[in-house]
1. What are the residues in region 46-73 that are surrounded by 17 or more Cβ atoms within 10 Å (Cβ to Cβ), in a helix (DSSP H, G or I) and of a type outside the set (A, V, I, L, M), if any?
2. What about W14, is it under 26 Å from E103 (Cα atoms), surrounded by 10 or more Cβ atoms within 10 Å (Cβ to Cβ) and modelled with pLDDT of 90 or more?
3. From the residues in region 26-45 that are of a type outside the set (S, T, Y), within 11 Å of the chain's Cα centre (by Cα) and not in a loop (DSSP other than H, G, I, E, B), which one is nearest to R80 (Cα to Cα)?
4. Check A81 against each of (1) part of a helix (DSSP H, G or I); (2) more than 12 Å from the chain's Cα centre (by Cα) and name the one condition it does not meet.
5. Out of R52, R19, I need the residue that is among the charged types (D, E, K, R) and either touching a Leu at 6+ places or on another chain (Cβ under 6 Å) or closer than 17 Å to S88 by Cα (or both). Which one?
6. Of all residues in region 17-45 being among the acidic types (D, E) and more than 22 Å from D112 (Cα to Cα), which is surrounded by the fewest Cβ atoms within 10 Å (Cβ to Cβ)?
7. When the residues of region 105-118 are filtered to those that are surrounded by 12 or more Cβ atoms within 10 Å (Cβ to Cβ) and farther than 16 Å from D73 by Cβ, which remaining residue is modelled with the highest pLDDT?
Amino acid sequence: MATRSDDSAAKQEWLTVKRAEEQAAATAWATQYDMPPLDGTDKATAFGDRCRHQLMTAAYTTLVAEGAWDEADWAVLEERARTVTAASWWIDQRDADAIDLPELLAAATDTDRPVENPFR
């Protein structure tokens, strides 16, 4: 008979595997699209990476794949996203609607963009 502690252990194991898969996908995406590393603690940067990946890919689907944006419009947004390197900013936006990303990036402050654009 399964016990509650068995269920808890199985859930924790599943969550650990799921987070590792999400982190691997976010890291591969960041490398492929030349996204800079995020600033923050190790835990915050890992979570921020996953949040950034999820929000950016959802925004691409909404704005380009299903929307009226072309690749040139998206390239401008990608450049703006590269300047926001505060992991906390991406974490704070994790529940935002993808269609709001352009406005959110435009409203990011200097705290969220510690340098103009170090990778370009």
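1. Across region 46-73, the qualifying residues are F47, G48, D49, R50, C51, R52, H53, Q54, Y60.
2. no
3. A30
4. Condition (2) is where A81 drops out.
5. Just a single option satisfies the conditions, and that option is R52.
6. My answer is E21.
7. A108
The values are calculated or read from the model by the stated rules, or taken from the named source; none is laboratory data. These figures come from a predicted structure and were not determined experimentally. Cβ sites come from the backbone with ideal geometry, for glycine too, and all protein chains shown count toward neighbours.
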